[in-house]
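Please read the structure below before turning to the comments.
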Amino acid sequence: MTKILRTVWRHVARSARDLTPIVLVIAFFQYFILQQPLDNALGLVSGAILVLIGLTLFVYGLELALFPIGESLAHALARKGSVFWLLTFSFLLGFGTTVAEPALTAVANEAAKVAAAAGAIADTDQARSRYVLGLRITVALSVGTALLIGVLRILLGWSLPLLIISGYVMVIAMTAVAPPEIVGIAYDSGGVTTSTVTVPLVAALGVGMASSLRDRNPMTDGFGLIAFASLTPMVFVMAYGSIVKWI
């Protein structure tokens, strides 16, 4: 029991340390630049405490469950020696974690509202729901594809810089021809996919795989999957926007 309490307290202290710079910046601008008192200070303090508790539990949960699960599954599949199941697992992991990503849901809902207000889609609940679903499925497919490519890179020893540079050349080329109203959403989609749910499992998958394979270094080969997960949504969403506009 004492060990558990020490572990929890250590995570609380780390979370407080991480949140301190944010609190200091807000307080500085509020009191010294704007020179205004905080409205509803009690509510803000309560919210900050809840954030501290939530962040502590989240990070502790990652260390306790998500990282070990990702690494153990990668180890088991690599030992099994089946490339098909390893690639299938990687694709489904990328797809499933992205569909469940809260940040993607928030961006998709906001994009649907703006698209409806701008007249890009019909201003109905059904049209907005279709737009949100289409955007989420598109991004999820892109992350699944990204992990599939990333796992192939680890297995075959492909060059990470070459793949990343080629991907961004494709993004720049598609930016020139994609509908302007979808470009910003596409770029944001690349950022929101690498968030709370996706990153821990993807990072654990890469490190676990590289650790299980002979002649692979976890430091040089195990990382890079998250870069693919940030890159491919931009390509897929711009393609999706172009198809929707054409239809």
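Can you name every residue in the stretch 225-247 that is farther than 30 Å from Ala122 by Cα, crowded, with 21+ Cβ neighbours inside 10 Å and of a type in the set (Gly, Ala, Ser)? Ala229, the sole residue that qualifies. Evaluation of Arg14 against the conditions (1) open to solvent by less than 80 Å² (accessible area, probe 1.4 Å); (2) in contact (Cβ under 8 Å) with a residue 40 or more places away in the chain shows that the sole unmet condition is (1). Every listed requirement among (1) open to solvent by 20 Å² or more (accessible area, probe 1.4 Å); (2) in contact (Cβ under 8 Å) with a residue 12 or more places away in the chain is met by Ala204 save one, (1). Of the helices (runs of 4 or more DSSP H) lying entirely inside the stretch 198-247, the ones with 1 or more residues being touching an Asp or Glu at 6+ places or on another chain (Cβ under 8 Å) are found at 198-212, 225-246. Picking from residues in the stretch 36-63 that are among the polar types (S, T, N, Q) and under 29 Å from Pro200 (Cβ atoms), the one that is modelled with the lowest pLDDT is Thr56. Each residue in the stretch 152-169 was checked for being out of contact with any Phe, Trp or Tyr (no Cβ under 9 Å at 6 or more places or on another chain) and surrounded by 15 or more Cβ atoms within 10 Å (Cβ to Cβ), and 2 of them qualify. Filter the stretch 64-76 for residues that are in contact with a Ser or Thr (Cβ under 9 Å, 6 or more places away or on another chain) and free of Cβ contacts under 8 Å to residues at least 40 places away in the same chain and give the result. Listed by number, the list holds a single entry, Ala76. Restricting attention to the stretch 185-197, the residues that are open to solvent by 40 Å² or more (accessible area, probe 1.4 Å) and part of a helix (DSSP H, G or I) add up to 3.
The values are calculated or read from the model by the stated rules, or taken from the named source; none is laboratory data. Computed from a predicted structure; not experimentally measured. Methodologically, a virtual Cβ is constructed for each residue, glycine included, from the backbone with ideal geometry; neighbour enumeration extends over all protein chains shown. Keep in mind that these areas ignore ligands, DNA and RNA; they rest on the heavy atoms of the full protein, side chains included. Shrake-Rupley method; radii C 1.70, N 1.55, O 1.52, S 1.80 Å.
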